[in-house]
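Here's the structure we're looking at; comments come further down.
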Amino acid sequence: MPAALDSLFLDPADDGTLQSRIRRMLSQAILSGRFRPGERLPSSRQLARHLGVSRITVTLAYTELVSDDYVTARGRSGYFVSDNAPEAPRFAPLAPRRNGVGTVDWTRAIARGFGPPFGVDKPGDWASYRYPFIYGQTDPTLFDGANWRLCALQALGRRDFAALTSDQYDRDDPKLVEFIARVSLPRRGIQAAPDEILVTLGAQNALWLAAQLLLTPDRHAAIEDPGYPALRALLAQNGARISPVAVDAEGLPPEAVPGGIDVLFTTPGHQCPTTATLPLDRRRALLARAEAENFLIVEDDYDFEMSFLKPPSPSLKSLDRDGRVIYVGSFSKSLFPGLRLGYLVGPAPFIAEARNLRGAVLRHPPGLIQRTVAYFLSLGHYDALIRRVGRAYHERRRVIDAAIATAGLQVAGAPAFGGSAIWMRAPEGIETGALAARLQTRGVLIEPGAPFFATPGAGGDTYRLAYSSIPASRIPDGVALIAEALAVGREKP
């Protein structure tokens, strides 16, 4: 007799295609032991009628299960659980714990504590909000998902089997490194050999590697203020002395950098979070100080592809003649943040040590991801995506500028080259953390500015409005709601 139909159902909360959901339902039933080897399963017609789906969908799910040896097909007799079907692992009964953490005093057991690295709280369901002025997320209407899938399938092919499955130890995908060296870096005026490039798990991982190699508790680092909260957190974990340097409307003032530092971390292309672009004369002055005072510069060029208002300024690395600039690039902003793929560029001795350190922690980023990105870049899909995103951001920027002007809101930093966000200032007496909480109840998400500042209590009147994740048609209404909330806040005693 076939297995009972009434024990098979599709969970409405489950995701994926109908075919994958049916396959998952049946494989889990087999793994759980509800259906045992040799037991006959419902026919494709019976199961399709029971689930309310097409018969071909069920047949395709059965075919996948046959290929994985969960199920065997016996001609006209139907489908049966395979004698070789995988079994769920069997474990000894677990000993009950006295409480949720057992008897360990974790306040003593943990040798070093690490606080939250980002500071900025972004709801996981941000996409469900009507007015998400949230930075750095991918707009699914702009991303080229179809060609990304084709590149992933190509990377899964037999020709790329070694790149997909092999342990590369400390090596990177040569196709990806070759594209970075031949195409990505020359766009920033940078020339680099393969031994001067290291692929990382995003810019965050690149910054961590640089900090670990260049800083110790007896060394001194300078950072921008306001700046990237996660960088401040990882430098604090490193134990180095940190000096925040206040930025102005043009970014980091070279003369404000303190003397006696070992490393300077900076975002000259689009300063994080003010979006200011460092002028060419400041870049040259910064490099001159680095040479004269013998310090290194880590340049985080996280957002250079989004310079749609005018061509991007030369990178610091392209102007460096003394090998003092370590360059950090990222595909996570230009493709999608979940990709977590970036790269470090620097002199060969530095990259060799960075490779050793990375290898001790994670060896290398997954081969499938590296090869998929390499195909997406080399086949021209990346450039087409950047053009499409740039046009969309240009239009959204025009719309948000007009909406801000109409609402009479105050801009704290105007990005001259583009980017995907605007740095704002609230009227006196309004704390933007509380403002963000009020706006969230009305479907509007903004980013309060305080977490970007090194000094506690600073930046409470600033906030960031990003336009990468919100359609142009919704921007005016969202800005109007912000203006309304600000007006109400000013009226309160």
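The values are calculated or read from the model by the stated rules, or taken from the named source; none is laboratory data. Bear in mind that the values here come from a model prediction, so they are computed numbers and not experimental data. Quick reminder, even Gly has a Cβ in these numbers, built from the backbone with ideal geometry, and neighbours come from all protein chains shown.
Here are the numbers for this structure:
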| read-out | value |
| --- | --- |
| Complete set of residues in the range 472-485 that are out of contact with any Asp or Glu (no Cβ under 8 Å at 6 or more places or on another chain) and surrounded by fewer than 22 Cβ atoms within 10 Å (Cβ to Cβ) | S473, R474, P476, D477, A480, L481, A483, E484, A485 |
| Failed item, numbered, when G136 is tested on (1) farther than 23 Å from L357 by Cβ; (2) touching a Ser or Thr at 6+ places or on another chain (Cβ under 8 Å); (3) part of a helix (DSSP H, G or I) | (3) |
| Verdict on A222 being at pLDDT 95 or above, in a strand (DSSP E or B), in contact with a Phe, Trp or Tyr (Cβ under 9 Å, 6 or more places away or on another chain) and crowded, with 20+ Cβ neighbours inside 10 Å | yes |
| Matching residues in the range 245-267 - criterion: being under 24 Å from S330 (Cα atoms), touching a Ser or Thr at 6+ places or on another chain (Cβ under 7 Å) and not aliphatic (A, V, I, L, M) | G251 |
| Search result, residues across the range 418-443 that are within 18 Å of A405 (Cα to Cα) and of a type in the set (K, R) | R425 |
| Counted residues, the range 263-284 - those being under 24 Å from F350 (Cα atoms) and either assigned by TED's automatic domain parsing to the domain that holds R464 or surrounded by fewer than 18 Cβ atoms within 10 Å (Cβ to Cβ) (or both) | 1 |
| Qualifying positions in the range 51-85 - of a type in the set (A, V, I, L, M) and touching a residue at least 24 places away in the same chain (Cβ under 8 Å) | L51, V53, V58, L60, A61, L65, V71, V81, A85 |
| Selection status of G227, free of Cβ contacts under 8 Å to residues at least 60 places away in the same chain and either in a loop (DSSP other than H, G, I, E, B) or more than 16 Å from A285 (Cα to Cα) (or both) | no |
| Among the candidates R149, R171, residue that is over 24 Å from N294 (Cβ atoms) and not in a loop (DSSP other than H, G, I, E, B) | R149 |
| Residue check, V399 closer than 25 Å to E178 by Cβ and surrounded by 16 or more Cβ atoms within 10 Å (Cβ to Cβ) | no |
| The listed residue being out of contact with any helix residue (DSSP H, G or I) (no Cβ under 8 Å at 6 or more places or on another chain), closer than 21 Å to Y327 by Cα and either of a type in the set (S, T, N, Q) or not assigned by TED's automatic domain parsing to the domain that holds A466 (or both), out of R232, R241 | R232 |
| Set R182, R232: member being surrounded by fewer than 22 Cβ atoms within 10 Å (Cβ to Cβ) and either touching a Phe, Trp or Tyr at 6+ places or on another chain (Cβ under 8 Å) or assigned to a helix (DSSP H, G or I) (or both) | R182 |
| Hits in the range 235-274 - residues which are assigned to a strand (DSSP E or B) and touching a His at 6+ places or on another chain (Cβ under 6 Å) | R241 |
| In the range 123-170, residue surrounded by the most Cβ atoms within 10 Å (Cβ to Cβ) [restricted to those that are touching a Gly at 6+ places or on another chain (Cβ under 6 Å) and within 19 Å of G478 (Cβ to Cβ)] | Y131 |
| Residue in the range 434-444 that is crowded, with 23+ Cβ neighbours inside 10 Å, out of contact with any Asp or Glu (no Cβ under 7 Å at 6 or more places or on another chain) and assigned to a strand (DSSP E or B) present | yes |
| Positions within the range 314-361 being hydrophobic (A, V, I, L, M, F, W, C), closer than 16 Å to A193 by Cα and touching a Phe, Trp or Tyr at 6+ places or on another chain (Cβ under 9 Å), in sequence order | I326, V328, L344, V345 |
| Pair list, Cβ < 6 Å and 6+ apart or interchain, from the range 157-175 residues that are on the phi < 0 side of the Ramachandran plot to residues that are surrounded by fewer than 16 Cβ atoms within 10 Å (Cβ to Cβ) | D170/G359 |
| Tally, over the range 325-342, of residues that are crowded, with 20+ Cβ neighbours inside 10 Å and either at pLDDT 95 or above or part of a helix (DSSP H, G or I) (or both) | 5 |
| Output for the range 445-490, where each listed residue is free of Cβ contacts under 8 Å to residues at least 12 places away in the same chain, in a helix (DSSP H, G or I) and either charged (D, E, K, R) or at positive phi (or both) | E484 |
| Counted residues, the range 184-203 - those being among the hydrophobic types (A, V, I, L, M, F, W, C), under 15 Å from S315 (Cα atoms) and within 22 Å of the chain's Cα centre (by Cα) | 1 |
| Answer from A85, A95, A127 - the residue that is at pLDDT 85 or above and more than 30 Å from D303 (Cα to Cα) | A85 |
| Listing of helices (runs of 4 or more DSSP H) fully contained in the range 348-424 that carry 3 or more residues being of a type in the set (V, I, T) and under 22 Å from the mean Cα position of the chain (by Cα) | 367-378 |
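Listed here are the residues, each with its yes/no results for (1) surrounded by fewer than 19 Cβ atoms within 10 Å (Cβ to Cβ); (2) under 37 Å from the mean Cα position of the chain (by Cα); (3) modelled with pLDDT of 90 or more.
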{"position": "L5", "(1), (2), (3)": "yes, no, no"}
{"position": "F9", "(1), (2), (3)": "yes, yes, no"}
{"position": "L47", "(1), (2), (3)": "no, no, yes"}
{"position": "I56", "(1), (2), (3)": "yes, no, yes"}
{"position": "S67", "(1), (2), (3)": "yes, yes, yes"}
